[in-house]
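Below: the structure, in structure tokens.
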Amino acid sequence: MSKLIYITANPKSDSKLSKGMQIGEVFLEEFKSIQPDVEIEHMHLYDMDIPEIDMDLLYGRAKLSFMGYTKEQLSEAERTKLEKMHALADRFIAADYYVFVTPIWNLGAPAILKSFMDCLFIAEKTFTNTADGPKGLLTGRKAIHIQTRGGIYSSGPMVEFEMGDRYLMKALKFLGFDLIETVVAEGMDHYPKKAPEIIAKAKEQAAEAAREMAKQTVTL
């Protein structure tokens, strides 16, 4: 059975309050109509205990990777946080399809998404270093990013300042992802009267993206 992880990075846990999650639900419904047996796991990041890279994680990782320490020699805090990081990465790796739903805040995604992604960058688990540079190990996986934007970033003076979708795309490609697509609903703060129209269009795009992704063969 294939598995899809639905990742939402918005403090609004109720989809009625989140335009992005409303679009995301359209994606899920369309995807399930084609792959009814797919297992779906929802990771609402604001409800999760996500370890942040602090002194414990920095030194814990360094001790194990190149300082000659064993896991048993780590401090309790270092060991606990590393175990949480690896457990989260293992949950992520177990899926075939991924849906990220985020808003853009102050040019980027919510900080909690970065903390989540930091937990996925684990040498020899999600990427490896080769003579030609790092190589992602999460190949064959499919992902889509649904992003809501109050302003306009796809054209005009703000194009170069968009760092939320750009970061996520680069991070997933680094980890080896094959198919990565973005569905954007933007300009809802600039044109509030057009917000229903903007959201409706994004829902259509999400449904089409779901149909295309559901048809893709996953080869892990």
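The values are calculated or read from the model by the stated rules, or taken from the named source; none is laboratory data. Predicted, not measured: the structure shown is a model, and the values here were computed from it. No Cβ is skipped: glycine too gets one built from the backbone with ideal geometry, and neighbour counts run over all protein chains shown. To get the accessible areas, we keep the full protein, side chains included, count just its heavy atoms, and leave off ligands, DNA and RNA. Shrake-Rupley method; radii C 1.70, N 1.55, O 1.52, S 1.80 Å.
What 222 nm value per residue comes from the helices of the chain, counting each DSSP H run with n ≥ 4 as -39,500 (n - 2.57) and dividing by all residues, nearest 500 deg cm²/dmol?
Result for the chain, helices only: -12500 deg cm²/dmol.
Before I look further, what does the range 121-220 give for accessible area per residue, probe 1.4 Å, in whole square angstrom?
Values: 5380 Å² over 100 residues.
Per-residue accessible area for the range 121-220 comes out at 54 Å².
For K125, project a label point 7 Å along Cα to C-beta. Then give me every residue of the range 80-103 with its amide nitrogen under 14 Å of that point.
So the set is 80-95.
Amide H of T182: which non-local residues (sequence gap of 5 or more, or other chain) have their own amide H closer than 5 Å, using H built in the peptide plane?
When sequence neighbours closer than 5 places are left aside, the close amide H contacts are H145.
Test of the criteria: in the range 1-78, which trypsin sites (Lys or Arg not before Pro) are in a DSSP loop and have at most 15 other Cβ atoms within 10 angstrom of their Cβ? Don't skip to the answer; put the middle values down first.
Details: sites: K3, K12, K16, K19, K32, R61, K63, K71; in loops: K12.
Listed in order of number, the matching sites are K12.
Mind checking which of H190, Q35, G108 is farthest towards the positive end of the chain's charge dipole, using Cβ charges of +1 (Lys, Arg) and -1 (Asp, Glu) about the Cα centre?
After comparing all options, I get H190.
Kindly work out what percent of the DSSP beta bridges joining two residues of the chain are antiparallel, to the nearest 5.
Here the share of antiparallel DSSP bridges comes out near 15 percent.
When the Karplus curve 6.51 cos²θ - 1.76 cosθ + 1.60 is applied with θ = phi - 60°, which whole-Hz ³J(HN,Hα) does each residue of the range 83-98 get, with x for Gly and Pro?
5, 5, 4, 5, 5, 5, 4, 5, 4, 5, 5, 6, 9, 10, 10, 9
Roughly how big is the chain's charge dipole about its Cα centre, with Cβ charges of +1 (Lys, Arg) and -1 (Asp, Glu), in debye to the nearest 20?
Once rounded to the nearest 20, the dipole reads 240 debye.
Starting from the 7 Å offset along Cα-to-Cβ, what nm value, one decimal, do you get for the label separation of T80 and R166?
Going by the 7 Å Cα→Cβ label model, 3.9 nm.
Rounded to a whole number, what % of the accessible area of the range 133-210 do carbon and sulfur atoms account for, probe 1.4 Å?
About 56 percent, which is the carbon plus sulfur part of the accessible surface.
To the nearest 20 debye, what charge dipole does the range 10-128 have about its Cα centre, counting +1 at the Cβ of each Lys and Arg and -1 at the Cβ of each Asp and Glu?
On the way: 13 positive and 20 negative charges, 71 e Å.
Dipole about the Cα centre, nearest 20: 340 debye.
Please state the relative contact order of the chain as a whole percent: Cα pairs under 8 Å, 6+ residues apart?
25 percent.
Using θ = phi - 60° and the Karplus form 6.51 cos²θ - 1.76 cosθ + 1.60, what ³J(HN,Hα) does each residue of the range 136-147 get, whole Hz, x for Gly and Pro?
Karplus-based 3J(HN,Hα) across the range 136-147 equals x, 9, 8, 7, x, 8, 10, 9, 9, 10, 9, 10 Hz.
Multiply the residue separation of D14 and K32 by 0.36 nm, subtract the distance between their alpha-carbon atoms, and state the gained length in nm to one decimal.
4.4 nm
Give me the net charge of V26's neighbourhood, meaning all other residues with Cβ under 9 Å from the Cβ of V26; Lys, Arg count +1, Asp, Glu -1.
Details: positive: K203; negative: E25, E29, E30, E204.
Within the 9 Å Cβ shell, the charges total -3.
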